[in-house]
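Novice: The structure is given below, and queries will be raised subsequently.
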Amino acid sequence: MSRYDLSGKTVLITGAAGGIGAAGARMLVAGGAKVTLVDLSGDAVAALAAQLPTGSSLAFAADVTDVDQMNAAVEATVEEFGRLDVVWANAGIGNDPPVTLATADLTAYERVIEVDLLGVVRTIKPALAQVVGNRGQVVITGSGYSFLNALLNSAYGVSKAGVEMPARSLRAELAPHGASAGVLYPSWTKTAITRSTQDDELVNRLFDHAFRGPLGTFSEPEVVAAGLVRGLRTRAPRMFAPRWWAGVSALRGIVNPLTDALIGRDRTTHDLIRQIESRRAAERG
């Protein structure tokens with residue numbers, strides 16, 4: 001497909017109040033796009049909109065798990081800007097604090113899956129008529145956990161592994177209409193979701209031990225935003241940020257069984273998991 005010009009296009013972004021979403025919104029507006037900023041907190045997206053050029057953004061409070069609210073977000077976007085070209089399903093939460101399934105609160109665990117997986121579907125479905133009509137794009141935010149072991153974050157990992165398939169299927173389904181879909185794969189990024197991993201000493205020790213070397217490197221949200229914009233301009237099916245992360249994904253058939261085996265046999269990992277589980281059990285009483 002030819003290069004996709006973002007100037008004059010309208011992009012609906014969920015999870016827009018901070019982190020990757022906010023960085024992406026700033027970069028898209030700088031490239032000439034209009035953006036609808038969707039998040040649970042109306043105050044947070046209004047504050048971000050106030051930092052952007054007048055007329056370039058619309059702030060909209062909505063819960064991505066509520067399809068009626070997402071329908072309303074799409075309708076408000078079209079009313080404000082006259083069109084919707086790109087929907088970026090970026091909203092996500094993680095178990096906070098990170099927890100094993102054995103010690104997880106099931107309601108909180110399932111809420112992560114509802115937001116991060118079903119919320120993606122409920123975001124995209126209301127926008128498809130506009131995306132198809134404008135020969136636009138769908139982007140879903142994946143993760144390194146789309147293909148790496150998600151110990152202590154399995155609800156998040158389930159969701160991020162799951163969202164690959166609707167993106168792949170949509171790419172095939174949208175192709176006859178001149179539209180497209182892709183997955184954005186950030187490496188570990190400095191956001192609110194990863195802060196709980198970094199702030200908890202035991203969890204941080206486990207992460208540093210399990211994901212040594214380049215696999216444990218954290219990126220700034222702006223690096224991921226640049227990968228998003230680059231991918232949109234080429235209608236890329238897979239958008240990696242930073243770019244070297246593509247190699248990890250390409251080698252997942254080797255990296256996955258290798259890292260699973262190393263994690264599964266490592267005594268330090270076992271000890272840290274037991275300590276974290278004991279503490280979580282004590283915290284729950």
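The values are calculated or read from the model by the stated rules, or taken from the named source; none is laboratory data. The model shown is predicted, which means the values in this text are computed figures rather than measured ones. All Cβ positions, glycine included, derive from the backbone under ideal geometry; neighbour counts span all protein chains shown.
Novice: Between GLU173, GLU164, which is among the charged types (D, E, K, R) and over 27 Å from PHE211 (Cα atoms)?
Specialist: Unique residue meeting the criteria: GLU173.
Novice: If THR77 satisfies all but one of (1) under 20 Å from SER143 (Cα atoms); (2) of a type in the set (S, T, N, Q); (3) crowded, with 21+ Cβ neighbours inside 10 Å; (4) modelled with pLDDT of 95 or more, what's the number of the condition it fails?
Specialist: (1)
Novice: Does segment 98-119 hold any residues that are touching a Leu at 6+ places or on another chain (Cβ under 9 Å) and assigned to a loop (DSSP other than H, G, I, E, B), and which are they?
Specialist: First pass over segment 98-119, keeping only residues touching a Leu at 6+ places or on another chain (Cβ under 9 Å): 98-100, 109.
Correct list: PRO98, VAL99, THR100.
Novice: Which of the residues belonging to segment 50-80 are small (Gly, Ala, Ser) and either over 11 Å from LEU37 (Cα atoms) or out of contact with any helix residue (DSSP H, G or I) (no Cβ under 8 Å at 6 or more places or on another chain) (or both)? Even if it seems obvious, please write down each step before you answer.
Specialist: Narrowing segment 50-80 to residues small (Gly, Ala, Ser): 50, 55-57, 59, 61-62, 72-73, 76.
Across segment 50-80, the qualifying residues are ALA50, GLY55, ALA72, ALA76.
Novice: Here is a further query. Being closer than 22 Å to GLY136 by Cα, surrounded by fewer than 19 Cβ atoms within 10 Å (Cβ to Cβ) and of a type in the set (S, T, N, Q) is the filter here, so list the residues in segment 1-60 that pass it.
Specialist: Result: SER2, SER7, SER56.
Novice: Does ASP208 satisfy the criteria of being more than 19 Å from GLY142 (Cβ to Cβ), modelled with pLDDT under 85, of a type in the set (D, E, K, R) and buried (at least 18 other Cβ atoms within 10 Å of the Cβ)? Write out each step before concluding.
Specialist: Details: more than 19 Å from GLY142 (Cβ to Cβ): yes; modelled with pLDDT under 85: yes; of a type in the set (D, E, K, R): yes; buried (at least 18 other Cβ atoms within 10 Å of the Cβ): no.
For ASP208, the condition - more than 19 Å from GLY142 (Cβ to Cβ), modelled with pLDDT under 85, of a type in the set (D, E, K, R) and buried (at least 18 other Cβ atoms within 10 Å of the Cβ) - is not met.
Novice: Listed residues LEU151, LEU106, LEU118; which is of a type outside the set (Lys, Arg) and surrounded by 17 or more Cβ atoms within 10 Å (Cβ to Cβ)? Explain how you work it out, then say what you get.
Specialist: Numbers: LEU106 fails: surrounded by 17 or more Cβ atoms within 10 Å (Cβ to Cβ); LEU118 fails: surrounded by 17 or more Cβ atoms within 10 Å (Cβ to Cβ).
The conditions single out LEU151.
Novice: Among the residues of segment 234-243, is there at least one that is closer than 25 Å to PRO221 by Cβ, of a type in the set (Gly, Ala, Ser), in a helix (DSSP H, G or I) and in contact (Cβ under 8 Å) with a residue 24 or more places away in the chain?
Specialist: Within segment 234-243, the first condition is being closer than 25 Å to PRO221 by Cβ, and the residues that meet it are 234-243.
Filter again for of a type in the set (Gly, Ala, Ser), leaving 236, 241.
Restricting the remaining residues to those that are in a helix (DSSP H, G or I) gives none.
No, because not a single residue in segment 234-243 is closer than 25 Å to PRO221 by Cβ, of a type in the set (Gly, Ala, Ser), in a helix (DSSP H, G or I) and in contact (Cβ under 8 Å) with a residue 24 or more places away in the chain.
Novice: In segment 130-147, which residue that is part of a loop (DSSP other than H, G, I, E, B) and crowded, with 24+ Cβ neighbours inside 10 Å is modelled with the highest pLDDT? Step through it out loud before you land on a result.
Specialist: Initial filter on segment 130-147 (part of a loop (DSSP other than H, G, I, E, B)): 134-136, 142-143, 147.
Narrowing the set further to residues that are crowded, with 24+ Cβ neighbours inside 10 Å leaves 136, 142-143.
Details: GLY136: 98, GLY142: 94, SER143: 89.
Per the criteria, the residue is GLY136.
Novice: On the basis of being small (Gly, Ala, Ser), modelled with pLDDT of 95 or more and more than 26 Å from PRO237 (Cα to Cα), does ALA89 make the cut? Give the steps one after another, and end with the answer.
Specialist: Working: small (Gly, Ala, Ser): yes; modelled with pLDDT of 95 or more: yes; more than 26 Å from PRO237 (Cα to Cα): no.
Answer is no for this residue.
Novice: Output the number of residues of segment 48-71 satisfying the condition of being assigned to a loop (DSSP other than H, G, I, E, B) and over 19 Å from the mean Cα position of the chain (by Cα). Before you say what the answer is, go through the steps one by one.
Specialist: Initial filter on segment 48-71 (assigned to a loop (DSSP other than H, G, I, E, B)): 52-56, 62-66.
Adding the requirement that they be over 19 Å from the mean Cα position of the chain (by Cα) leaves 52-56.
Of the residues in segment 48-71, 5 are assigned to a loop (DSSP other than H, G, I, E, B) and over 19 Å from the mean Cα position of the chain (by Cα).
Novice: Continuing with the same structure: One residue is enough: does segment 206-229 have a residue meeting the conditions acidic (Asp, Glu), over 23 Å from the mean Cα position of the chain (by Cα) and farther than 23 Å from VAL163 by Cα?
Specialist: The initial filter retains those residues of segment 206-229 that are acidic (Asp, Glu), namely 208, 220, 222.
Then keep just the ones that are over 23 Å from the mean Cα position of the chain (by Cα); that gives none.
Scanning segment 206-229 turns up no residue that is acidic (Asp, Glu), over 23 Å from the mean Cα position of the chain (by Cα) and farther than 23 Å from VAL163 by Cα.
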